[in-house]
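Trainee: Quick one: structure below, then a few questions.
The values are calculated or read from the model by the stated rules, or taken from the named source; none is laboratory data. These numbers come from a predicted model, not from an experiment. Cβ: placed from backbone, ideal geometry, glycine included. Neighbour counts: every protein chain shown.
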Amino acid sequence: MTTSTQHLAAGGRSDPLRRVLPLLEVRPVKVAAAIGFGVLALACAIGLAAVAAWLVARAYQMPPVLTLSVAVVAVRAFGIGRGVLRYCERLASHDVALRGMAALRANLYDRLAADDRPVTVRRGELLARIGQDVDDVGDVVVRALVPAGVAVVTSLGSVILLGVLLPAAGVALALCLVLAGIVTPWLAARAAARTEARGAAVRGEVTALSLEVLEESAPLRVSGRFGARLAALDAADARLSAIADDGARTSGLAAALGALAQGLAVLASLTLGIPVAMSGSLSVEALSVVVLTPLAVFEATAGLPAAAVQLLRSREAARRLLELLPASDPMSAARVARVARVARVARVPGAAERAGAPDPSGEEGTSCRTGASGTAQEAGGALLVLDHVAAGWPDAAGWPRTAVEGVSLALRQGSVVALAGPSGAGKTTLLMTAAGLIPPVGGTVSAWSAERQEVGIPGYRSSDVLPTTPSPSATLFVAEDGHLFDTTVLENLRVARGDVTAAEARTALDAVGLGAWLAALPEGLDTVVGTDAAAVSGGERRRLLVARALLSPAQVLLVDEPAEHLDGATADALVRTLAAHARATGRAVLLATHRLTPLAAVDEVVVLGHDAGAAHGVPATVTARGRHEHLRTTDATYAWSTSQER
């Protein structure tokens, strides 16, 4: 077995919760502080029970009142301290848990963004994992680690206290605490293990079906499947309820065993303490302390069955989160996440030589067809270079299936190149490969900043993950189905850059032809677009995404179908706007489009397609390239397609 295989095998055998915990970035000092506050709070509860028992027994004997003053003050102190310290423990433990959940989500997003594999789970399932499963992993601190730590410390202290007063009662208390603190949680965890995996899967199914019913209700009704999906949701919810009922029975059994252990401890204290007290070896006050103290001690173990179940639930949630991430490596998860964040803005030395692209110093590289940006020798100012790139997706067996191959071009500052061709020719796949969202099947993709510093691919991975501060090396893919959030128009545009002003937003919207639309909105830029942009049309949504891209700091815009859902005149104007913006700002634009009429505004058109007689499944290639007017006179298919557009 190779070293890498051994690493992977070891990673597969390790505890998934242990592997995910570093992503919480929890500081042990804060966890210790939360446990400390919990121990002090429970110690006040035990002290309150013990001192109150002594005070009642001693007061019955009617001694001078001054002999009771210390006990009276102690009761008040313990009563106040119990509430205050419990509040401090809640603050400390929830601070650890909430910060850990935030760090886990950030690290999870970093790992997902750095992973080139396509996501293979449904959107609702993904939402359940990065939502509920992250919460379950974060809850392990508040609901498992802290209660367990508090129970261990306070149980030891209580056994020692009773052992000093009556050793036999201390031993009996220890045995009952073992029953309540070890046996009961073990039984609860063993019973919950049968249901937790099913519960996590069903929760994801319920979330996925709920999202589908909410977002796809109209298509489901048209296709006649709405009732079936509702029935499926009801069935999944019923299964989840049944699993919850199983868990409730387990919790009830654990609570019963805990109460039984507490009763046994009190009964044992009475049985062992009364003979000793009657013999005069134990005072009446001490006997009351021995009998009543266990009533408070078992507060420490009452939450341990739930803690064991939470530990199991957190482990299952961690396993589901790990399924989203790449295979483990020798690096710790937290270190990988930090490296991913650094790598996103770091240079990648030596990548030019690997790519066969022009060296950042300006020296010549290997041959590369460049179109609008000139020859390879002239590509010294290129922002993005594709060198004989083949792009595709893995098939069901995981093997790469090439959709388009043999594409070479270089984009310089201010250059605009269009990818044209029929549906299925691989235009979108090629754009995503250029953006770094999927790895190339063949060839190389290289990018440089305007300052000729080579940078890694990807830069920023999609229009939904944009920087809040300008970066000269960002490459932005503007997806046809990019997401609009359920917030205001202005905040949707600020996804591109957090400091976008109202004036800049209006200018961008005017540029894409949405000025009149904005003026008609009831609250202008503060109008909420609705869930998944339900309040805007398809064409308005498309132009909002383009406006957001114009406001981003990215140097290379990779725009997929900017003319979709628009009438001919508006679509042509939008393409011309993109071209004018690129030349005015020094950006580069690579766009994929079916519409050919506005491509007179671009520097070069690269036509993707299949040669006549090509077999089914053969990758598309570059069948023609050149300026729009040149292709209209030399390519009959291109000329005919242009003439059919209105």
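Trainee: Got at least one residue in region 621-632 being in a helix (DSSP H, G or I) and surrounded by fewer than 19 Cβ atoms within 10 Å (Cβ to Cβ)?
Mentor: Scanning region 621-632 turns up at least one residue that is in a helix (DSSP H, G or I) and surrounded by fewer than 19 Cβ atoms within 10 Å (Cβ to Cβ).
Trainee: Going by what's in this entry, would VAL309 be described as under 30 Å from LEU55 (Cβ atoms), assigned by TED's automatic domain parsing to the domain that holds LEU108 and touching a helix residue (DSSP H, G or I) at 6+ places or on another chain (Cβ under 8 Å)?
Mentor: no
Trainee: Grab the strands (runs of 3 or more DSSP E) fully contained in region 365-436, keeping just those with 2 or more residues being under 29 Å from the mean Cα position of the chain (by Cα) and modelled with pLDDT of 85 or more.
Mentor: Strands (runs of 3 or more DSSP E) meeting the threshold: 382-394.
Trainee: If you don't mind, there's one more thing I want to ask. What's the total number of residues in region 274-286 that are assigned to a helix (DSSP H, G or I) and either at positive phi or surrounded by 23 or more Cβ atoms within 10 Å (Cβ to Cβ) (or both)?
Mentor: The total comes to 0.
Trainee: Determine whether region 560-581 contains at least one residue that is hydroxyl-bearing (Ser, Thr, Tyr) and touching a Ser or Thr at 6+ places or on another chain (Cβ under 9 Å).
Mentor: No, region 560-581 contains no residue that is hydroxyl-bearing (Ser, Thr, Tyr) and touching a Ser or Thr at 6+ places or on another chain (Cβ under 9 Å).
Trainee: Moving on to the next point. Return the residues of region 560-597 that are assigned to a helix (DSSP H, G or I) and of a type outside the set (A, V, I, L, M); say none if nothing qualifies.
Mentor: GLY568, THR570, ASP572, ARG576, THR577, HIS581, ARG583, THR585, THR597, listed by residue number.
Trainee: Could you please let me know if VAL72 is modelled with pLDDT under 85, in the same structural domain as ARG313 (by TED's automatic domain parsing) and farther than 20 Å from VAL291 by Cβ?
Mentor: no
Trainee: Give the number of residues within region 582-620 that are under 19 Å from ALA382 (Cβ atoms), surrounded by 20 or more Cβ atoms within 10 Å (Cβ to Cβ) and of a type outside the set (Asp, Glu).
Mentor: Residues in region 582-620 being under 19 Å from ALA382 (Cβ atoms), surrounded by 20 or more Cβ atoms within 10 Å (Cβ to Cβ) and of a type outside the set (Asp, Glu): 9 in total.
Trainee: Would you point out which residue out of ALA238, ALA307 is part of a helix (DSSP H, G or I) and either free of Cβ contacts under 8 Å to residues at least 40 places away in the same chain or surrounded by fewer than 21 Cβ atoms within 10 Å (Cβ to Cβ) (or both)?
Mentor: Exactly one residue qualifies, and that residue is ALA238.
Trainee: Just checking, which of VAL178, VAL152, VAL183 is in contact (Cβ under 8 Å) with a residue 60 or more places away in the chain, out of contact with any helix residue (DSSP H, G or I) (no Cβ under 6 Å at 6 or more places or on another chain) and under 30 Å from ARG315 (Cα atoms)?
Mentor: VAL183
Yes or no, residue by residue, for (1) under 21 Å from ARG129 (Cβ atoms); (2) at pLDDT below 80; (3) not aromatic (Phe, Trp, Tyr):
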{"site": "GLY199", "(1), (2), (3)": "yes, yes, yes"}
{"site": "LEU211", "(1), (2), (3)": "yes, yes, yes"}
{"site": "ALA232", "(1), (2), (3)": "yes, no, yes"}
{"site": "LEU240", "(1), (2), (3)": "yes, no, yes"}
{"site": "GLY263", "(1), (2), (3)": "no, no, yes"}
